[in-house]
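For reference, the structure discussed in these notes is given below.
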Amino acid sequence: MKSIAKLIRIIQCFVRFFIYTVHCWLIYAEMSRKQTLLPFTVFKNEFIKYIRCMLRDPRKDLMHVQLQAFLKSDFSLISDRLVLSNDDTDPIVIAVVKNEIQKIRLFFQHYRKLGVKQFVVLDNCSDDGTLEYLRDQEGTRVYQIQDSFQTQKKEAWIEKLLVLTGVNRWYVVVDSDELLDYVGSEEHNIKEIIKKCETKGYKRVWGFLLDMYSNDILFAEKDSKSFMTDELKYFDQTGYNMNLNCCPGAFIIHNDMIVGGPRHRVFDLDVVLSKQTIFFYDEKSLYRNCHYMYPIIKWGTVPCWFVLRHYKFLQSDKAEYEKRILNKNFYNDSIEYRKVLEQTKNNDLCMFYEHSKSYENSCSLRVLPYLQEIEWQEKRNN
């Protein structure tokens, strides 16, 4: 009898502890929900998505940071000149920026030329005129956040921007130094890509970063809109590899990725280049990072239709990289930027070499491996 009574007391203690834990969690969750300003059902769905994906992600530490950043992110709406289209195939471009005045003008010009009319931008305390420029842009909703930058935080901020803007829409998530391009971009706008995706049943498509550089030494370039496109016009046409991490049936997901390019050739950096930039965001989607989302879509399931022309080595970028190293707020203690600046400190490095390809128009991209050309005209059956 004594043993039974002892067991009952143990069970009662366990139940009390469980109830107390659940109660504390509910209080914490409700406080977090109020801070996110999201309705309860939306908040619950986001929380469940993060926990479910955290169980499958190989970097649970990064997922934990992302979840905390999502819960604690405090956005201020600065200006809202955005009226969402009733046509869900009209894409919304999302970007997080800070002191991008040298690039942001070209950014808006480029995406408007591709047919984009809707923009949602989060400014991270710019003080160089970027915020003022954003306020003046038609079709643009501008938020601001005061928190210090960190890569995982940025990924959570983008997830919150997606939630706030709305589900069941097509999005294009890019950085200010990334200009989306594809063979035929001069004649066919991005909405045509999205309509093709819907016709074929694709929820997203692959693309990859294409580092653009000049035939001069790194960081020697002057910062101007015309200089970026006229002088930073070269790219590597070879030297890309596919790193396949196929784990059929595995509980832990490892994603496929393209690596290589000029940063590997010059700095021996294994930077992941593949990205899922164009996607349909629904209630099951989670923006894990720019390279892959949940649910996972393996390489080959959907085509690789685009590149992101990447302008990473402007003169002003060098000072920015020094700040990133000092603040240690990029991935893996900002190791990529450390390597770049260490090797350029006492050497006049140039990315240009004998196999560099000059970008003249979108047809120049045909030399790239992995990039698939879009069939704009459906083949007729003979």
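Taking the stretch 253-275 as the range and being open to solvent by less than 10 Å² (accessible area, probe 1.4 Å) and part of a loop (DSSP other than H, G, I, E, B) as the test, the residues that pass are Asp256, Gly261, Leu273. All conditions but one from (1) at pLDDT 85 or above; (2) out of contact with any Gly (no Cβ under 8 Å at 6 or more places or on another chain); (3) charged (D, E, K, R); (4) open to solvent by 10 Å² or more (accessible area, probe 1.4 Å) apply to Glu159; the one that does not is (4).
Listed conditions (1) in contact (Cβ under 8 Å) with a residue 60 or more places away in the chain; (2) within 20 Å of Tyr294 (Cβ to Cβ) are all met by Ser79, apart from (2). Restricting attention to the stretch 328-349, the residues that are at pLDDT 65 or above, assigned to a helix (DSSP H, G or I) and among the polar types (S, T, N, Q) total 3. The set of residues in the stretch 276-291 that are closer than 24 Å to Val183 by Cβ and open to solvent by 10 Å² or more (accessible area, probe 1.4 Å) comprises Phe280, Cys290, His291. Pairs are defined by a Cβ separation below 7 Å, a sequence spacing of at least 6 or placement on different chains, a first member in the stretch 148-175 that is under 20 Å from Phe108 (Cβ atoms) and free of Cβ contacts under 8 Å to residues at least 40 places away in the same chain, and a second member that is crowded, with 22+ Cβ neighbours inside 10 Å and among the aromatic types (Phe, Trp, Tyr); no pair meets this definition.
Only one of these is acidic (Asp, Glu) and either within 18 Å of the chain's Cα centre (by Cα) or open to solvent by less than 20 Å² (accessible area, probe 1.4 Å) (or both): Glu178, Glu187, Glu198. Name it. Result: Glu178 is the single residue among Glu178, Glu187, Glu198 that is acidic (Asp, Glu) and either within 18 Å of the chain's Cα centre (by Cα) or open to solvent by less than 20 Å² (accessible area, probe 1.4 Å) (or both). Whether a residue is open to solvent by less than 20 Å² (accessible area, probe 1.4 Å), modelled with pLDDT under 95 and part of a helix (DSSP H, G or I) was assessed, and Leu106 passes this test.
Residues satisfying the criterion are present in the stretch 309-316 (criterion: among the hydroxyl-bearing types (Ser, Thr, Tyr), under 28 Å from Leu161 (Cα atoms), modelled with pLDDT under 85 and outside any loop (DSSP other than H, G, I, E, B)).
The values are calculated or read from the model by the stated rules, or taken from the named source; none is laboratory data. Just so it is clear, the model here is predicted, and its values are computed rather than measured. Quick reminder, even Gly has a Cβ in these numbers, built from the backbone with ideal geometry, and neighbours come from all protein chains shown. Quick note on the areas: whole protein, heavy atoms, side chains included, nothing else; ligands and nucleic acids left out. Shrake-Rupley method; radii C 1.70, N 1.55, O 1.52, S 1.80 Å.
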